[in-house]
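What follows is a short report on a single structure.
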Amino acid sequence: MTLTIADVHAPVIDYRALSPLMATVGGSIVVMMAGLLRPRFVQRVLVPVLTALSLLAALGLLIWVWEPGDQRPIIEGALTTDTLALGLSALFLVAGLVTVLLSLRAEAVREAGPGEYCALLLGSISGMVVLAEATNLITVFVGIELLSIPLYVLCASELRRETSLEAGLKYLVIGSVGSATLLYGLALVYGATGQTDFASIADAIGSEGGVGITDPLLLTGVAMAATGLAFKASVAPFHQWTPDVYQGAPTPITTFMAVATKAAALAIFLRLFDQALVDTQTDWGPALAALATATIVIGNVGAIPQRSLKRLLAWSSVAQAGYMLAGVVVATTLGLRATCLYLAVYLLMNVAAFAVVVARERVSEHGDDIASIENLGQAEPWLAWPMTISMLALAGFPATAGFIGKFYLIDASVDGNYTWLGIVIVVGSVVSLVYYLRVIAVMWLGRYEVEMPTVPRRRVKPIGGWSPEAGARAQPEVSLVAIAAAAATILFGLWPNPLFDAARDMGSSLSGLF
Amino acid sequence: MTIHLSIVLFMPLAAALVGALLLPQQVMRWLVFAATLGVLAYVVVMLADFDSGSRGLQYVTDDSWIPELGIRYQLGVDGLNLFLIALTAIAWVPCTLWSVFREHERPKLYFFNLALAETAVLGSFMAQDLALFVVFFDLMLVPFYFLIGGWGTGDRVRATTKFVIYTLAGSLLMLAGAVALGALSTPDGGQISFSIAELTRRSTSSGTQEWIVLLFAAAFFVKAPLFPLHGWIPETYRSTPLPVLALLSGVLSKVGVYGFLRIVLPTMPQGAQHFQELFIVVAVFSILYGSALAFSQDNVRLVVAYSSIAQLGFITLGIFSLDPKGAQGAVIQMVNHGLVVVPLFLIIGVIASRARGSESLSELGGIAFRAPVLATLFVIVSFATLAMPGSPNFVGEILILFGAFENKLAYGLVASAGVVLAAVYMIRFFQRTMHNRPGPAVESRDVDRLDFAAIAPLVAVIVALGLYPQFVLHRSDKATTARISAAQQVQSPVASRQSPGTRPVMVLKDVPKP
């Protein structure tokens, strides 16, 4: 044995850049430990506060290490940091904060236990951060699994509701199929190029005499990887699980999935296609564009007959994923920026809508049916306005951030010689009006001249020993989330420059783009 | 003297916001009315101060808004939009006054929407940046969606949804067209710009212009509306509350045709010229179709609705005759049509209140017997609508027909049948409501003081313009001619009257834009 310990080089680790990830992972462990203590104070106050603190700490650290420019390694060959990863991580963290707020009074938290619930949430967020920072096929897969497995559990966390269990199981089965497909794909990509590193893959494909996209191994690998990711991002035709899971999962978790999981999946779409495979854009571009078109059409048409608000938002999120894919398709810096900007806008719009659904389904006998928001404009304008603004923004009305986002995406499509895709986005938006406007009509244009019988306010049943002594009506944190998100939607609609600045920083990360 | 357009533009919205949040509704409605008066006062000052010798923009506001997208906050007034801004300011006063004296459900929301609509319409007339125009153009739909759906009659939710989907389908296509125009006209390495002046200087290939013109035409034809994109008309006109309908028909319809003069002809002269024949056919069809249907309607609102289609057909004919006289006539006719339609709908409101709300010609009649003042007002407005010599509309229609004779003689001859048909349907309308045997439920009373206060000033403006049409012509002449000159040059670079066969096609691209 001549091998001495000195010959094994430990990877160089940049702890400063790693700190946001450490905050969420560490937070996850601390929260799980804290959840073991039984006092009410710990369960009801300390655990959510610790979770929020860990997220805020990660957010703070993230701003601390924010620095536009090229990728810098965190752990050699496994994780790198750049502003794209950091910006997307910021989205995940904000989504996590929102989820914690929306979950404060959720039944799921009481049934699953606050410690477990919050620890799983933090674990999932850590997976997303890993995914955003991944620079290596193996880290990608680790990130995807770390993201997904806690989510399978969280979906089923409302243990006494059958649909929640169904959602969990469905998501587990479909998600596993997606992960397996992705893994196959990644393995084939490795087989074709002999590399696991994104940069090396790009070199292997781009270099003279290297592997072309027509190489059957690489082509199959890329197709399977894209399919696996399409499952996660609920891109048609791999979207069928979305409505069922979104409807069945506890609504705060639905919010988290709609916003953060989608952003994470698109992050890896961006990394894989706009970084590793960027040189063969002319080959995969049309295929991905066709996928985006199908997603836009199917998502928007599927949303039209929905009565359940959660299902409606699920279908709408399918369509929105299609819009965002347009930014990936063109593989330009502009497209990258547009996708990043739209992800941020998308978070705001959906958070506002889901917060209103959370607030209403707790008090209304109709649950998440569209009837639960009937005449909301008169009954609770502070909930009706955020919902209205969110719907208008999702439909792309001006003076909301949704308009800016769509404008930018169309601009990117036209600029990248995919004008027809821009027009598909527009046509999709027209179709989407049918269901977005219906939500607004139900809230504001109901039979207001007829005295409506007051909807009986169903109080949340006391479960598991401690009941929310605050009535179901008093949900200041949910209203706060809704109003804040809606206000931000309007604010960024009128003054979007901060978003553009962030998007420009994020767009500077991938230097191989046009 | 400096006139800040931003103050005019946001005065109604600011008043409504302050009123809605801080004041009781009785005070708020007066505050909104005061704001419309404030706008009018400001516009009167502007009319007096306007330098009619200049063909450029005056009172320009030009600030950076979203530098990333090249969107500027650019407002300006020239002879083309001066009178449309004046029309907006004039029309909103009586319609708001009419509403102030009537009771509404949820008055704060009603007046907020009314004020927001004024800001949006003023904005789309003032905007000198294409993206800003699109913003205001789409924004207009939001208040009208609520106004029709919330305070309309009959099947109002269906009507308003149809209205918004029709119009937004058009305007989202226009959004795609606008982005495409901006992106494709950007020279290599240049910064994207949506400033209309800048777009006029830049050039795009005529093939590009052609399809972009079609996208714009879709938006403007729906808005106008012109045959065959008028499908939303019957339901919307039946359901809309009258003061709102007066604005919708009198002012909003002008934004579309104004867009042709402001945007399409200067920035895409070759595209506009390419479709000249098609658009003229659409215009002539609209004239004949609208007139024929106006003659056969029983509902008085629909008589005016279809007559509007015919009138907007005339305006479009004037614009696409691509002749200075025709364009002049179109501009003056836009103002005139707005000025007659607003009092017409208010008179319909008065008439309907004399017949227990009936708006059916078969149940009306004989109102003039004890209502001489109402009859006088109505007869003046009717004669103006049918373009009696001495009315401002006569000047407008004659100019349009001169323009059409100049370039497209055959179409001009067919269109002149519309002048005759206008007499047929307007006189029928007048007789069946005011003369004839009193209808079963008709109770003849003269116009009361408040309604008189709303209608009479408008009639006075009509008479004044009939006596002195040069007031408009003199100020709008230069700017209007400048707008069409590019397209006119494309049409016939050598002389304006050449046979189509000898039109040198290849020369077209070389024509420098002024």
Looking only at segment B:240-259, filter to residues that are among the polar types (S, T, N, Q) and either without any contact (Cβ under 8 Å) to a residue 24 or more places away in the chain or out of contact with any Ser or Thr (no Cβ under 6 Å at 6 or more places or on another chain) (or both); which one of those is surrounded by the fewest Cβ atoms within 10 Å (Cβ to Cβ)?
B:Ser253
Determine the pairs where a residue that is buried (at least 16 other Cβ atoms within 10 Å of the Cβ), located within segment A:161-183, has a partner that is of a type in the set (Asp, Glu) with Cβ atoms under 7 Å apart, the partner being 6 or more residues away or on another chain.
A:Ser164/A:Glu158; A:Ala167/A:Asp244; A:Lys170/A:Asp244; A:Ser179/A:Glu145
Could you tell me which of the residues A:Gly396, A:Gly367 is farther than 30 Å from A:Leu325 by Cα, free of Cβ contacts under 8 Å to residues at least 60 places away in the same chain and either away from chain B (no Cβ under 11 Å) or crowded, with 24+ Cβ neighbours inside 10 Å (or both)?
A:Gly367
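Residue by residue, here is whether (1) over 13 Å from the mean Cα position of the chain (by Cα); (2) over 17 Å from A:Leu120 (Cβ atoms); (3) in contact (Cβ under 8 Å) with a residue 40 or more places away in the chain; (4) surrounded by fewer than 24 Cβ atoms within 10 Å (Cβ to Cβ) holds:
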position	(1), (2), (3), (4)
A:Ala225	yes, yes, yes, no
A:Lys232	no, yes, yes, no
A:Trp241	yes, yes, yes, yes
A:Pro250	yes, no, yes, no
A:Ile253	no, no, yes, no
A:Ala258	no, yes, yes, no
A:Asp274	yes, yes, yes, no
When the residues of segment A:370-393 are narrowed to those that are small (Gly, Ala, Ser) and away from chain B (no Cβ under 12 Å), which ends up nearest to the chain's Cα centre (by Cα)?
A:Ser390
Exactly one condition in (1) within 14 Å of another protein chain (Cβ to nearest Cβ); (2) buried (at least 23 other Cβ atoms within 10 Å of the Cβ); (3) modelled with pLDDT of 90 or more is not met by B:Trp92; state its number.
(1)
Criterion violated by A:Ser200 - all others in (1) surrounded by 19 or more Cβ atoms within 10 Å (Cβ to Cβ); (2) modelled with pLDDT under 90; (3) not aliphatic (A, V, I, L, M) satisfied:
(1)
Regarding segment A:329-346, can at least one residue be identified that is in contact with a Ser or Thr (Cβ under 7 Å, 6 or more places away or on another chain), more than 23 Å from A:Ile304 (Cβ to Cβ), crowded, with 24+ Cβ neighbours inside 10 Å and not β-branched (Val, Ile, Thr)?
no
Any residue at all in segment A:320-328 that is under 17 Å from A:Ser432 (Cα atoms), within 14 Å of chain B (Cβ to nearest Cβ) and not hydrophobic (A, V, I, L, M, F, W, C)?
yes
Cβ-Cβ distance below 6 Å, separation of 6 or more or different chains: which pairs start in segment B:394-405 with a residue that is free of Cβ contacts under 8 Å to residues at least 12 places away in the same chain and end on one that is in a helix (DSSP H, G or I) and surrounded by fewer than 24 Cβ atoms within 10 Å (Cβ to Cβ)?
B:Phe405/B:Gly412
Looking at segment B:123-190, what helices (runs of 4 or more DSSP H) fall wholly within it and have at least 2 residues that are of a type in the set (Val, Ile, Thr) and more than 21 Å from the chain's Cα centre (by Cα)?
B:156-184
Output for segment B:300-326, where each listed residue is more than 13 Å from the chain's Cα centre (by Cα) and not hydrophobic (A, V, I, L, M, F, W, C):
B:Arg301, B:Tyr306, B:Ser307, B:Gly318, B:Ser321, B:Asp323, B:Pro324, B:Lys325, B:Gly326
Can you spot a residue in segment B:218-237 that is over 20 Å from the mean Cα position of the chain (by Cα), surrounded by fewer than 24 Cβ atoms within 10 Å (Cβ to Cβ) and of a type in the set (Phe, Trp, Tyr)?
no
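The values are calculated or read from the model by the stated rules, or taken from the named source; none is laboratory data. Fair warning: this is a prediction, and the values are worked out from it, not measured in the lab. For neighbour counting, all protein chains shown are included, and Cβ atoms are generated from backbone atoms with ideal geometry for every residue, glycine included.
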